[in-house]
Amino acid sequence: MIAMMAIANLQYAWTLFTTDLTRNLHANLDAVQWAFTSFVIAQTALFPITGYLIDRLGPRIIVTLASLPVALGWIGAGLAQSLPALYAVYALGGLGAGAVYGGCIGVAMKWFPDRRGLCVGLVAGSYGFGTALTGYPIDHMIRSSGYRSAFIIFGGMQAVVVLLASQFLRLPPTGWLPAGWDAIKAKVQRKVQQSTRDYRPREMLRSGSFYLLYLMMTLVTASGLMLTAQLKPIGVTYGYDKYALFGGFTVLTLTLSVNQILNGSARPFFGWISDRIGRYDTMAIVFVMEAITITLLTLVVARPFWFITISALMFFAWGDIYSLFPAAIADIFGSRHATTNYGIQYTAKGVGSILGGPGAAFLMVRAHSWIPVFWSAVACNVIAAGLALFWLKPRVTRLVKEQRTGA
């Protein structure tokens, strides 16, 4: 959890730098946002490789090595004098963040098969929650010392925390199960459908259930990243970066902090819910919640109080995907290769980032409004909810039933 909190800023504090980057690099917003996309693509495209290495070598070695690109990602961004340089170093940061993320999620998936949703949610939630602690200090440093200083100083600090935390990570021995697992598993299976066998990555890639999960994660990731990457530009459009509140907070900085608290807390909360009512019912409920909150945001975006409130609810609804999808991968395809299998699944985030980063910025520039971006995000969530409830749930239920009966 500590390691995940340390890398949170690479994704969730990015929006604080976008306005200064456009001004200092003399670039349009959609061009700057390609740096964010390069980060997510590097984080996700190499995730299967880092996942495989974590399964083979263990998380301590991989996460220790990852602390270096974590440092270089932000320190390099602070020194970058051109867009190509920014793209390159932020992609390097994505490589480091992906390795840390894979190691930590892999540990949670394998140690806690009886409470997989909750425990993966706690670890993933730390990635969402980290910026709630650092968002205000980073914003203050940007305003007082410039964005370059903020990148360099916080980049170094984050890497040191990752390096120290990595020394305590380890996977359980091969074949390990909690004491009394047979009785526990019978209880778990009444609520969550879990496979009775471990699928290798090649076997998973031949399963239609994997591609359904992949499409769903692409859709909901795109909708969330549309607003994660664009939050500050949206706020600047409505003057929220200068709308002072209390204690030095503006509407924008308060929104960012509250968003990350709720985004982080959503992951263990909805993971815990999914352990009790099932993964796919939980997915459908939360994706519909997300569609409703984004719809409300289109109506109240110009009102400061409601902008803060509805944005927070929207991030709360979105945060679940980083606990539900890894838990679902381990449920359907087993624990043994779960880190590698989820690494392949996680590349859906890279596809979603193209839609949610430069894609959303391009749509806004063409439409001269953020409203079409919001409605695109609504559509993504409605489609994903339907796929979870009416297609994936029956498919997985049938698969597990066939395994139990030996059909």
Tell me, yes or no, whether the range 316-336 has at least one residue that is closer than 13 Å to residue 217 by Cα, surrounded by fewer than 24 Cβ atoms within 10 Å (Cβ to Cβ) and within 15 Å of the chain's Cα centre (by Cα).
no
Which numbered condition in (1) closer than 23 Å to residue 350 by Cβ; (2) surrounded by fewer than 15 Cβ atoms within 10 Å (Cβ to Cβ) is the only one that residue 242 fails?
(1)
All positions within the range 196-239 that are modelled with pLDDT of 80 or more, over 23 Å from residue 343 (Cβ atoms) and open to solvent by 10 Å² or more (accessible area, probe 1.4 Å)
236, 237, 238, 239
Please work out if residue 156 is more than 24 Å from the chain's Cα centre (by Cα) and open to solvent by less than 80 Å² (accessible area, probe 1.4 Å).
no
Restricting attention to the range 299-321, the residues that are closer than 12 Å to residue 260 by Cβ and among the small types (Gly, Ala, Ser) number exactly 3
Can you tell me which residue in the range 245-264 is nearest to residue 125 (Cα to Cα), limited to those that are open to solvent by 10 Å² or more (accessible area, probe 1.4 Å) and not hydrophobic (A, V, I, L, M, F, W, C)?
257
Filter result for the condition that a residue is open to solvent by 70 Å² or more (accessible area, probe 1.4 Å) and hydrophobic (A, V, I, L, M, F, W, C), over 181, 176:
176
If you check every pair at least six apart or on different chains, which have Cβ atoms under 9 Å apart with a residue in the range 143-156 that is free of Cβ contacts under 8 Å to residues at least 40 places away in the same chain first and a residue that is of a type in the set (S, T, N, Q) and outside any loop (DSSP other than H, G, I, E, B) second?
153/145
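How many residues, within the range 83-109, are out of contact with any helix residue (DSSP H, G or I) (no Cβ under 8 Å at 6 or more places or on another chain) and either open to solvent by less than 10 Å² (accessible area, probe 1.4 Å) or more than 20 Å from residue 148 (Cβ to Cβ) (or both)? Outline the logic, then answer.
Of all residues in the range 83-109, those out of contact with any helix residue (DSSP H, G or I) (no Cβ under 8 Å at 6 or more places or on another chain) come to 84.
Within this subset, residues satisfying the condition of being either open to solvent by less than 10 Å² (accessible area, probe 1.4 Å) or more than 20 Å from residue 148 (Cβ to Cβ) (or both) are none.
Result for the range 83-109: 0.
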Set 396, 400, 373, 365: member being open to solvent by 10 Å² or more (accessible area, probe 1.4 Å) and at negative phi
365
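The values are calculated or read from the model by the stated rules, or taken from the named source; none is laboratory data. The shown structure was predicted, so the numbers you read here are calculated from the model rather than taken from an experiment. Because the Cβ atoms are built from the backbone with ideal geometry, glycine has one as well, and the counts that use them run over all protein chains shown. Heads up: the accessible areas ignore ligands, DNA and RNA and are worked out on the full protein's heavy atoms, side chains in. Shrake-Rupley method; radii C 1.70, N 1.55, O 1.52, S 1.80 Å.
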